[in-house]
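Chemist: So that we are looking at the same thing, I have put the structure below in structure tokens.
Every read-out reported here was derived from the displayed coordinates using simple, explicitly stated rules and does not represent laboratory data. Please read all numbers here as calculations on a predicted model, not as lab measurements. Note: ideal-geometry Cβ built from the backbone for every residue, glycine included; neighbour counts use all protein chains shown.
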Amino acid sequence: MNLSAFIAIAISTIFINNFILSRFLGLCPFIGVSKRTGPAISMGLAVTFVTTTASILTWLIYDLVLIPFHLEYLRTISFILVIAFFVQFAEIVIQKNMPAIYKAFGIYLTLITTNCAVLGVAVLNTDMFFMKGKAVAGSFLLSVFQGFGAGVGFTLAMVLMSGIRERLEFAEIPACLKDAPITFIVASLMSLAFLGFSGFKI
Amino acid sequence: MRGSLSELIKGLWRENPTFRMMLGLCPTLAVSTSVANGLGMGLAATFVLAGSSAMVSTVRGVIPEKVRIPCFIVIIATFVTITELLMKAYTPLLSRALGIYVPLIVVNCIVLGRAEAFASKKGVISSTIDAIGMGLGFTWALCFISAIREILGNGTILGLQISDRFEPPLFMILAPGALLTIGLLIGLINYLASKQKA
Amino acid sequence: MNQLVKFGLILGVICLIATLVLAVTYEITKPKIDEQMRLEVQSALKRIMPDADSFDAKTLDDIEYFEARKGAELVGYCVKVTGFGYGGYIRMIVGMDRSGIIKGVRVLEHQETPGLGSKINETRPGEAEPYFLKQFKGKQARTVSVKKDIDAITGATISSRAVTDAISKTATEFFNKVKR
């Protein structure tokens, strides 16, 4: 349990195992909301907020409820419910108290419940930071950090893609490749570039 | 009878969840590194789809409009967990290979999409048929993409080597290959569809 | 308010039914899942220690291991090793004789990238064992290291190193603690 573990997780979740470009989690919003940079950043922030808090909540549930009562098999169902309720709750709170923030990214919150990046990071945390039914050293902080890193990686991919797509609008591409197909092809090239990070020694 | 047949086959092509509606792409790309994985994932998702659609349709009269989405999610998550446990018990290797993408069937938009758009409005039998059709459509799309990637990226099909004459480009079995394959395939299908119309 | 209670109740009932269904499924599948895991470990043990005929499961602090015996004679140890690779844990089982010379390594579970890191556990056509793991045979477990004893897999240096380092670290720790 030291600093290098955190650096390794940051580099891993943001670059090497980027949630979109390598693990394919959260592709729907990636294709759907990456047309303009503004919304892409908002979506990225919303996702980062939710992945981080979801990591906290699901870790607590897993460690304090599911493991002591040997209910590990309820992982999927309890995580998705907690995420769904949290997202609803956050939306209501933000809408009432912080209208400016709500305007910036609140509308994307509803879309996030079924974003696989959120459940994905929660499940991944329990896979990576629990061993033989026990939390590994620093498990909680590592989980939260991984949740945050996943969000940052997501935002990075979104922002890069939206920049490219804004330019792409002026390009003459075959009609059948417009929108989704060309986005996938561009994402493929980005993913190829990101593959270069996998030589990183941590 | 003809009505239910058309409900079954619409998922295979006309409303294919992967190619036409572009739903559930995350698992499609992630597990399509080999045909065996693709097939396993497809069948697991089909089971979840059929089970949860039948269940949603059965209880549709009891569930109030406002809480329907959380209820659907609970039902889907239950079927996903059953699948997870069954796979661990009977196909441990496949369950390892698919890893976190099995629990992630919960957030596969196809499942919730079918529950919301079809099963919550129609009868049990037609909902189940619709779900199986969609599931099979998803399964063949997954197998098709996996076959392309496995042949090109690993030089094998279902684990059997095709030819040792060429060095398979690793690229196809890694993440970029998945994105490229799906992009070009959807492009091709769009092209064919536009030809059909003209 | 009344409506809210009603909604809560309905959702609660559904959750309760779901939990019951899952609890039943879990109880039914659990023996089967445990059996699968036991079989997996048993077949790995037989592969890495073909001469031994019985394996006793033991634990030493946090290390799980098996004493491999032929008749009454202790012929070696099979130690469970966990490395941290690219995609998560790599769980292995390492068979060693009493002096720490490796007899065989099997990977039980890994999440390395298919096509790259997954090669640690891939077998070439016509061969019986993964070619990467075969290299470990006959090496001293406590000092085994990439480059010196083991050729890393091209494009998967980190996975190769994770396997090797985990083995040497656990073996050193194990032999320091085990009674001779």
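Chemist: Under 1.5 on a/c is rounded, so check that first for chain A, then, if it is not, pick prolate when a/b is larger than b/c and oblate when it is not; a ≥ b ≥ c are the square roots of the alpha carbon gyration tensor eigenvalues.
Modeler: Verdict is oblate for chain A.
Chemist: I would also like to ask the following. Using only Cα positions of chain B, each an equal point scatterer, no hydration layer, compute I(q)/I(0) via Debye at q = 0.08, 0.14, 0.15 Å⁻¹ and quote the log10 values to two decimals.
Modeler: Ignoring solvent entirely, the Cα scatterers give -0.29, -0.82, -0.92.
Chemist: Now, a different point. Could you give me D for region B:91-198, from Stokes-Einstein at 20 °C and 1.002 mPa s, where the hydrodynamic radius is the Kirkwood radius over C-alpha pairs? Units µm² s⁻¹, please.
Modeler: Approximately 128 µm²/s, per Stokes-Einstein.
Chemist: Please report the relative contact order for region A:13-197, taking Cα pairs under 8 Å with a sequence separation of at least 6, and give it as a percent rounded to a whole number.
Modeler: 43
Chemist: For chain C, what's the relative contact order in percent, using C-alpha pairs closer than 8 Å and at least 6 residues apart?
Modeler: Taking the mean separation of contacting Cα pairs over the length of chain C, I get 15 percent.
Chemist: Give me the dipole magnitude in Debye, nearest 20, for region C:46-177 about the Cα centre, with unit charges on the beta carbon: positive for Lys and Arg, negative for Asp and Glu.
Modeler: I would put it at about 280 debye.
Chemist: Turning to a different aspect of this structure: Starting from the exponent 0.38 and prefactor 2.2 Å, build the expected Rg for region A:1-118 from its residue count and divide its actual Cα Rg by it.
Modeler: Here the Cα radius of gyration is 1.17 times the empirical estimate.
Chemist: Here's a follow-up. Can you give the FRET efficiency to the nearest 0.05 for B:Leu160 and A:Ile107, using r as the Cβ-Cβ distance and R₀ = 56 Å?
Modeler: 0.65
Chemist: Across the residues of B:15-27, average count of Cβ atoms on other protein chains within 10 Å?
Modeler: 3
Chemist: Which residue, A:Thr37, A:Ala122, A:Leu177, has the largest displacement toward the positive end of the dipole of chain A when charges sit on each Cβ (Lys, Arg +1; Asp, Glu -1)?
Modeler: Farthest towards the positive end: A:Thr37.
Chemist: So, one more: Of C:Thr157, C:Thr113, C:Thr29, which is the most mobile in a GNM of chain C whose springs link Cα atoms less than 10 angstrom apart?
Modeler: Of the options given, C:Thr29 has the highest mean-square fluctuation.
Chemist: First select every other residue whose beta carbon is under 15 angstrom from the beta carbon of A:Met161; then total the charges, Lys and Arg +1, Asp and Glu -1.
Modeler: +1
Chemist: Let me ask something else about it. In the Gaussian network model of chain A, springs joining C-alpha atoms below 10 Å, which of A:Gly153, A:Gly138, A:Gly44 carries the largest mean-square fluctuation?
Modeler: Of A:Gly153, A:Gly138, A:Gly44, the most mobile in the Gaussian network model is A:Gly138.
Chemist: For A:Asn125, what is the net charge nearby, where nearby means another residue's Cβ is under 15 Å from its Cβ and Lys, Arg count +1, Asp, Glu -1?
Modeler: Taking every other residue near A:Asn125 into account, the sum is 0.
Chemist: Oh, and also: Report the Cα-based extents of region B:46-136 along its three principal axes, largest first, to the nearest Å.
Modeler: Its Cα atoms span 40, 25, 19 Å along the three principal axes.
Chemist: So what's the convex hull volume per residue for the Cα atoms of region A:144-202, in Å³?
Modeler: 84
Chemist: Same structure, new question: Using the Cα centre of the protein assembly as shown as origin and beta-carbon charges of +1 (Lys, Arg) and -1 (Asp, Glu), tell me which of B:Trp13, C:Ser118, B:Val124 is placed farthest towards the positive end of the dipole.
Modeler: B:Trp13
Chemist: Mean-square fluctuation check for chain B, GNM, Cα pairs under 10 Å: which of B:Glu150, B:Glu65, B:Glu15 is largest?
Modeler: Highest fluctuation among the options: B:Glu65.
Chemist: For A:Arg36, what residues show an amide H to amide H distance below 5 Å, using hydrogens built from the backbone and excluding near sequence neighbours?
Modeler: Distant-sequence amide H within range of A:Arg36: zero hits.
Chemist: B:Leu170 label point, 7 Å along Cα→Cβ, cut-off 12 Å on backbone N: hits in region C:141-175?
Modeler: C:153-160
Chemist: Right, another one. Using Cα atoms only, what is the angle between the long axis of helix B:175-197 and the major principal axis of chain B, expressed in degrees (0 to 90) to the nearest 10?
Modeler: 70
Chemist: Here's something else I'd like to know. Which whole-number percent gives the relative contact order of region C:49-107, counting Cα pairs below 8 Å spaced six or more residues apart?
Modeler: So the answer I get is 23 percent.
Chemist: If you average 1/r over every pair of different alpha-carbon atoms in chain C and take one over that average, what Kirkwood value in Å do you get?
Modeler: For chain C, inverting the mean 1/r across all distinct Cα pairs yields 18.5 Å.
Chemist: Report, to the nearest 10°, how far helix C:2-48 tilts away from the longest principal axis of the Cα atoms in chain C, using its own Cα long axis and a range of 0 to 90°.
Modeler: Tilt relative to chain C: about 20 degrees.
Chemist: What helices does chain A have that are whole DSSP H segments, at least 15 Å long along their own axis by Cα, and with mean Kyte-Doolittle hydropathy of 0.0 or more?
Modeler: In chain A, the long hydrophobic H runs are A:37-61, A:75-97, A:116-129, A:139-168, A:180-195.
Chemist: Sort the protein assembly as shown into rounded, prolate or oblate with this rule: let a ≥ b ≥ c be the square roots of the eigenvalues of the Cα gyration tensor; rounded if a/c is under 1.5, and if a/c is not under 1.5, prolate when a/b is larger than b/c, oblate otherwise.
Modeler: prolate
Chemist: Taking the Cβ of A:Lys35 as the center, what net charge do the other residues with Cβ under 10 Å away carry, scoring Lys and Arg +1 and Asp and Glu -1?
Modeler: Once positives and negatives cancel, what remains is -1.
Chemist: Could I ask something else about it? What is the dipole size for region A:61-199, taken about its Cα centre, with +1 at each Lys and Arg Cβ and -1 at each Asp and Glu Cβ, in debye to the nearest 20?
Modeler: For this selection, approximately 200 debye.
Chemist: Run the helix sum for the protein assembly as shown: -39,500 (n - 2.57) per DSSP H stretch of 4+ residues, divided by residue count, reported at 222 nm to the nearest 500 deg cm²/dmol.
Modeler: Result for the protein assembly as shown: -19500 deg cm²/dmol, rounded to the nearest 500.
Chemist: Expressed as an acute angle from 0 to 90° and rounded to the nearest 10, what is the orientation of the C-alpha long axis of helix C:157-177 relative to the principal long axis of chain C?
Modeler: Taking Cα atoms only, the helix is inclined about 80 degrees.
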